[in-house]
1. Grab every C-alpha pair in the chain, bin the distances at 10 angstrom width from 0 up to the longest one, and report whole percents.
2. At 0.36 nm per residue, and after removing the present C-alpha to C-alpha distance, how many nm does the segment from Ala18 to Leu78 gain when stretched out fully?
3. Tell me which of Ala406, Gly135, Gly385 sits at the most positive position along the dipole axis of the chain, charges placed on C-beta atoms (Lys, Arg +1; Asp, Glu -1).
4. Net charge near Arg40, counting Lys/Arg +1 and Asp/Glu -1 over other residues with Cβ under 15 Å of its Cβ?
5. Would you mind calculating the relative contact order of the chain from Cα pairs under 8 angstrom and at least 6 residues apart, reporting the percent as a whole number?
6. Take the chain, mark every one of the trypsin sites (Lys or Arg not before Pro) that falls in a DSSP loop and has at most 16 other Cβ within 10 Å, then report the longest stretch left between them, sites excluded.
7. Please get the size of the charge dipole for the chain, origin at its Cα centre, with Cβ charges of +1 on Lys and Arg and -1 on Asp and Glu, quoted in debye to the nearest 20.
8. 222 nm [θ] for the chain, helices only, -39500 (n - 2.57) per DSSP H run of 4+, per residue, to 500?
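Derivation of every value follows stated rules applied to the coordinates shown; laboratory data play no part. If you're wondering where the values come from, they're calculated on a predicted model, not measured in any experiment. Because the Cβ atoms are built from the backbone with ideal geometry, glycine has one as well, and the counts that use them run over all protein chains shown.
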Amino acid sequence: MSVRPSALALTPLLLFLALFFGAGLYYTAQGEAMGFYQLRAPVAILPALALGIWLARRRSVPAQQTLLQGMGDGNVMLMCLIFLLAGAFATVSKAIGAVDAVVALGLGALPAGLILPGLFLVAAFVSLSIGTSMGTLAAVVPIALGVADAAGLDRVLVTSAVLGGAMFGDNLSIISDTTIAATRSQGAEMRDKFRENFRIALPAAIATVILLATLGDAAPVEAPNAASPWLVLPYVVVLGLALAGLDVVLVLGIGLVVSGVFGFVLAQEYDVVSFAGDIYVGFESMVEITLLSILIGGLAALIKATGGLAWLAQVIAKFARGHTGRRAGEISIAALAAGSDALTANNTVAILVSGSLAKDIAQRHGISPRRAASVLDIFACVVQGVLPYGAQILLAASLAAVSPLALAGSVYYCWLLALSAIGFMLWPRRAAAPH
């Protein structure tokens, strides 16, 4: 059934953002070091949910049913499961000494000035191979934090380098949900989309590596040597299974078991009770992000059901019809992808929601399917990578115990990718390739 577009349907999200960011800015201005943690996001979203339910009832939309369906959506539940397993794996691995072992083995492998670009490239390679930024963050961030602490590097800078690499691979991987959604919705071939996407992403990646090489001042430190080097193997197992294409949930589950076994064998006084306790501590570390993901899923469903996304699509479509040419069409697709992701906080969902409209815009403006798929995926990726309430930043911030807003401003790859993509869109070129 078609939904009547309504700008009013977007007000619940605006209310949530106003409360969350407004409180964060206020407490930061008052001198609170962690100003954005004074009003927790799962609490700040409750008035927005109440407003969304009221608006839904006004439009004769089954509010409670819509809310519960959004909260229990399969993508949302999968995200929550990844959060929990990531927290458990990170906590157990740290408890058994795996992070110290990685630092002891690898801290001297790179010159101090290349630690940041090295972490970016490692995360990019892993994410490109496994097709998920979430799994990459779960596997790489704990290692990166060990390096950061030992080398005296800023945690925000290190985590943002890993996050940028994770978004690079997620945006390009042929097994990524976003790539699959973008190519299928636009009728493009996977290889064609990859080539088009890579041309745009490569300059941004090179610029990021150069920039990261100039940032940070790693202090020379003595790597710890108390931990057994065999404790590195849980990470090796996780990365190896991920590269083999195993599902990320299964990868994290196996990694958790392997970490426990190695802890029993190699770590002093580590037993089943300690293992079980660390798993639960890891779960607890992800309670806030899990709650927020569930509630955002419900809010997004209410916004969609009451016409918020339809209104946004209508505005973009009107803009596109009022202008002709490839540039206008690509800018319209970019704005559609970015706006949808800002509202849904999920780049895969954003692409699925906006895919059909993007295809219509592409056809009317003579844009090839591979180009449309690339622009759609890139701008959903760009926004997702800098969204303070998006899953990737929330996971990375939770693992690193840093501010999501501080991370959002430091994911240099995503900002440079946006500039690169805009440059490619504005640069004069030959007529669009045939379909």
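1. With a bin width of 10 Å, the distribution comes to 5, 21, 30, 26, 13, 4, 1.
2. 18.8 nm
3. It is Gly385.
4. That sum, taken over residues with Cβ under 15 Å, equals -3.
5. Numbers: 762 pairs, mean separation 113.3, N = 435.
RCO, the chain: 26 percent.
6. Working: sites that count: Arg40, Arg59, Arg429, Arg430.
The longest uninterrupted stretch comes out as 60-428.
7. Approximately 2300 debye in magnitude.
8. -25000 deg cm²/dmol
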